[in-house]
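Written below as structure tokens is the structure these notes are about.
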Amino acid sequence: MAGTLHVVATPLGNLSDLSRRAATVLQAADLVAAEDTRRARKLLNHVGARCRVCSYHAQSPPGRLDQLERELRQGASVALLSDAGTPTVSDPGAQLVIRARSCGARVIPIPGPTAVATALSVSGLPADRYTFLGFLPRKGADRSRRLDEIAASPWTVVIFEAANRLVRLLSDLATHCGADREAVVARELTKLHEEIKCGNLADLTVYYDEQAPRGEVTVLVGSATRQPAAVDCDAVKQTARLLLEDGVTRRDTAARVAREFGISRRDAYRLVTDL
């Protein structure tokens, strides 16, 4: 029988955030496929796991994926680890998941930390709907298009960025979204030097230009503020007057006017009452 691929979420920094279930899976694993073997061995030592470790990352040769598939075909228990957080979320691993399923192996998620949800939880920005974009393109038309998408987004946008490119990102965001757009920079989450800085894009750009950032960075950008469309009051009144003359009740007239012209029912009812 084919083996099992466990997709294991690991701490962003604080080792105490590793779940008991994740620790048990790592202790029982035959092989760990890790984005960074040094970080993986530190975590494995922490839980007393003595399994084999191999590197698996975005630049791994195709043969590494073949090797992991062979292990799974032979019945091995393989744990996939990223540097930190949940594998395959802006990290390599999706191809291994596909290969595992294609050879009949079980794929089991071991949930836990993720920088996206962690940053959203303390941002103060709406998180009922959000867009996660990972790392933006570094230059060219693709970057400009993505920045324009962020500027127009009706939802909070979450971005990953390297510390040495943070000031440029914030400056570009300010240019495309407006200097006053609300934003949050969450840096070194769960680690000793954790910092969560809130403000507008202009202020954050100045702050990090003066205080060079270090470590892992997650940026959250507030949604675009929708400006209400201008309403033709004369047209609203004319429509309402015709409905009333046709015998439509004030309440129903207000509801229909609100729908048609995109104004609140309260304002529509006040206008109808004035007529």
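No lab work stands behind these numbers, since they all come straight from the coordinates. Note that the structure is a prediction, hence the values are computed from the model and not measured. Glycine also receives a Cβ, built like all others from the backbone with ideal geometry; neighbour counts cover every protein chain displayed.
Things to note:
- Each part gets one Cα centre, and for region 155-227 versus region 56-77 those centres are 37 Å apart.
- Magnitude of the charge dipole, the chain, Cβ model with Lys/Arg +1 and Asp/Glu -1, debye to 20: 920 debye
- Listed residues Val221, Val184, Val25, most fluctuating in the chain (Gaussian network, C-alpha, under 10 Å): Val25
- Summarising the strand pairing of the chain, around 45 percent of its internal DSSP beta bridges are antiparallel.
- Computed helical MRE - 222 nm, the chain, DSSP H runs ≥ 4 contributing -39500 (n - 2.57), nearest 500: -13000 deg cm²/dmol
- Highest-MSF residue in the chain out of Cys177, Cys233, Cys103 [GNM, Cα springs under 10 Å]: Cys233
- Rounded to the nearest Hz, the phi-derived 3J(HN,Hα) couplings of region 245-259 under the Karplus curve 6.51 cos²θ - 1.76 cosθ + 1.60 (θ = phi - 60°) are 5, 7, x, 6, 5, 4, 5, 5, 4, 4, 5, 5, 5, 4, 5, where x marks glycine and proline.
- When peptides 3-16, 33-46 are sorted by average Cβ neighbour count within 10 Å, with the highest value leading, the order is 3-16, 33-46.
- Unit charges on C-beta of K, R, D, E only; dipole of region 233-274, Debye: 200 debye
- In loop segments of region 103-187 as defined by DSSP, there are no chymotrypsin sites (Phe, Trp or Tyr not before Pro) with at most 14 further C-beta atoms inside 10 Å of their C-beta.
- Note: relative contact order over region 1-71, using C-alpha pairs below 8 Å and six or more positions apart, is 27 percent.
- Less than 5 angstrom separates the built amide H of Ala224 from those of Ser153, Trp155, all sequence-distant by 5 or more or on a different chain.
- Along each principal axis, Cα extent of the chain, largest first, Å: 83, 51, 37
- In Hz, Karplus ³J(HN,Hα) per residue of region 262-269 (6.51, -1.76, 1.60; θ = phi - 60°; x = Gly, Pro): x, 10, 5, 4, 4, 5, 5, 5
- Among residues other than Arg143 with Cβ under 14 Å from its Cβ, the summed charge is +1 (Lys and Arg +1, Asp and Glu -1).
- Sequence-separation-based contact order of region 233-274, relative, with Cα cut under 8 Å and 6+ spacing, percent: 40 percent
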